[in-house]
Amino acid sequence: MSTTPVKVAVTGAAGQIGYSLLFRIASGALLGPDTPVELRLLEITPALKALEGVVMELDDCAFPTLAGVQIGDDATKVFDGVNLALLVGARPRGPGMERGDLLEANGGIFAPQGKALNEVAADDIKVTVTGNPANTNALIAMSNAPDIPTERFSALTRLDHNRAISQLAAKLGVPVTEIKKMTIWGNHSATQYPDLFHAEVSGKNAAETVGDQDWLAGTFIPTVAKRGAAIIEARGASSAASAASATIDHARTWVQGTPDGDWVSMAVRSDGSYGVQEGLISSFPVTVKDGQWSIVQGLEIDDFSRGKIDASVAELAEERDAVKGLGLI
Ligand code: NAD
Ligand code: LMR
């Protein structure tokens, strides 16, 4: 086992996602069995007592890879020297709310956290935003951290990506491992575009294999895009274990890379690729090598996909304008 622990910050650590996420990270699911991890857990003051209880449970697991845990309510202390930051802490939406309704409530959290990361995080910091509205919260954090390279900020669309793989696999009766090159474009919201035209099933084009445009447009896309709301409706609370699992998948891929012949979906700062306005944090197909992501280039976008991508990007531009109006970026 290497000796220097990787410092992983998690915000909202006493919340629902935290309760699943922390134990996965501590057990080695993020960085593997040979890398010790030091957890840095940020909460608001009233939640610190509950967080102490979670830390007692972490202790009780005696995880060999868990080298230490620090908790606190001061971001500049908790983020000091961190290598990975998983920004989960935010208010989740309830029944009937759209994720955009959370802009004002949650936007205020990510400006100070961006500033704190800018001040005290390690030089190799990588930031993943899970808290909703994730893309725009990542934009706020990035805009408030001028000394951290913009490519170190990302937002989670891996849950949507995993949902899309699972829905397609169930439709075709194949294992999820047969599905490659899934893409979520745009915002982690109901406007997101899960794209089957570039995905592959057992090496063949997914849209052609499905061969049913009505299912693709009328069932697949809305099922994936509205899955978060369906879970809230069923559980009375937003997805938590699956969100934690996707957060691990996202951060692990960012550290370890993508396998040959596949890619993942990550919301990252647009460089203008595929006509997505530069500067927005939008989901793209990406490959990762040596800890750096690259947007997959050269995919043909037909009129159907163009319309869907443009609609989601327009929503991101609206969210950006709204947080600009609130003085958050
Ligand atoms: P939760 O309410 O159970 O937990 C949120 C925690 O964040 C609470 O413990 C709260 O005290 C804490 N918190 C609030 N403000 C904070 C701050 N300034 N600093 C640190 N901690 C703070 O919610 P949850 O179910 O764990 O969900 C967390 C967020 O993740 C929500 O915004 C939810 O909508 C989002 N989410 C995103 C995805 C995704 O795919 N991107 C999926 C599921 C949930
Ligand atoms: C999800 O996709 O499950 C989360 O973003 C929770 C939500 O608000 O939908």
Counting only Cα atoms, I'd like the Rg/Rh figure for the range 120-275, Kirkwood definition for Rh. 0.98
Given bins 10 angstrom wide, list per bin the percent of all Cα-Cα distances in the range 20-117, short to long. 14, 40, 34, 12, 0
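If you average 1/r over every pair of different alpha-carbon atoms in the chain and take one over that average, what Kirkwood value in Å do you get?
Computed over Cα pairs of the chain, the Kirkwood hydrodynamic radius comes out at 19.9 Å.
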How high is the relative contact order of the chain? Use alpha-carbon pairs under 8 Å, at least six apart in sequence, and give a whole percent. 17
Going down the list LYS171/LYS204; LYS180/LYS226; LYS180/LYS204, which pairs span over 20 Å between their C-alpha atoms? LYS180/LYS226
Kirkwood hydrodynamic radius, computed over distinct alpha-carbon pairs, for the range 240-296: how many Å, to one decimal? 11.9
Average projection area in nm² (convex hull over Cα atoms of the range 222-265, one quarter of hull surface): 3.8
To check my understanding: the extent here is largest minus smallest coordinate of the Cα atoms along each principal axis. What are those three numbers for the range 225-329, in Å, largest first? 40, 33, 33
Binning at 10 angstrom from zero up to the longest distance, how are the C-alpha pair distances of the range 169-252 distributed in percent? 16, 43, 35, 5
Ranked list, fewest to most other Cβ atoms within 10 Å of each Cβ, for ARG158, ARG40, ARG235: ARG235, ARG40, ARG158
Helix 158-172: inclination vs the chain longest Cα principal axis, degrees, rounded to 10, gives 40
Using Cα positions and a limit of under 21 Å, work out the lysines in reach of LYS324, with same-chain residues fewer than 8 apart set aside. LYS115
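Divide, for the range 97-167, the radius of gyration over alpha carbons by 2.2 N^0.38 Å, where N is the residue count.
Compactness ratio reported: 1.19.
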Express as a percent, rounded to the nearest 5, the fraction of DSSP beta bridges in the range 47-193 (both residues included) that run antiparallel. 10
Summing -39500 (n - 2.57) over every DSSP H run of at least 4 in the chain, dividing by its residue total and rounding to the nearest 500, the 222 nm mean residue ellipticity is -12000 deg cm²/dmol
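Any read-out appearing in this document is the output of simple, stated calculations on the displayed coordinates, not a laboratory observation. For clarity, every value in this text was computed on a predicted model and none was experimentally measured. Please note: Cβ atoms are built from the backbone with ideal geometry, for glycine as well, and neighbour counts cover all protein chains shown.
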